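Chemist: Structure provided below as C-alpha cells; questions to follow.
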Amino acid sequence: MEYGQRLKHARKARKLTQDDLAAKSGVKQALISKIERGDQAGSTFDMDLAFALNINPVWLSRGIGTMEMC
C-alpha cells in the first residue's frame, strides 16, 4: 500500500472527510487530496496527519508496523 492509500484508508477508518481531516490536522484539504491521489509522494505534515487520525506515524510514512497506536 502506498503512502496516499494508507492516508485514505486511515481517514476512512476514522469516518472523516478530507475537510474534517484538514480541520483536525491543520493541513489544507487540497494537499490531503493530492496525497491521496498519489500526486504528492510524501508530506512534511506526516506527524500532524498521524496525530489527527490517532494512528502510528511510522505506519503512515513508511508502511511499517500496524496502523493502530499500541
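The values are calculated or read from the model by the stated rules, or taken from the named source; none is laboratory data. Small disclaimer: the values here were computed from a predicted structure and weren't measured. Backbone-built Cβ (ideal geometry, glycine too); neighbour counts: all protein chains shown. Remember, those area values only see protein heavy atoms, side chains included, never the ligands or the DNA or RNA. Shrake-Rupley method; radii C 1.70, N 1.55, O 1.52, S 1.80 Å.
Chemist: For Ala13 and Asp39, compute 0.36 nm times the residue count separating them, minus their Cα-Cα distance, and round to one decimal in nm.
Modeler: Gain on stretching Ala13 to Asp39: 7.2 nm.
Chemist: I would also like to ask the following. With a 1.4 Å probe and all protein chains left in place, how much accessible area per residue does the chain have, in Å²?
Modeler: That works out to 62 Å² for each residue.
Chemist: Normalising by the residue count of the chain, find the relative contact order in percent from Cα pairs under 8 Å and 6+ residues apart.
Modeler: The value is 34 percent.
Chemist: When the dipole is taken about the Cα centre of the chain, and only Lys, Arg (+1) and Asp, Glu (-1) are charged at their Cβ, what size is it in debye, to the nearest 20?
Modeler: The dipole of the chain has a size of about 140 debye.
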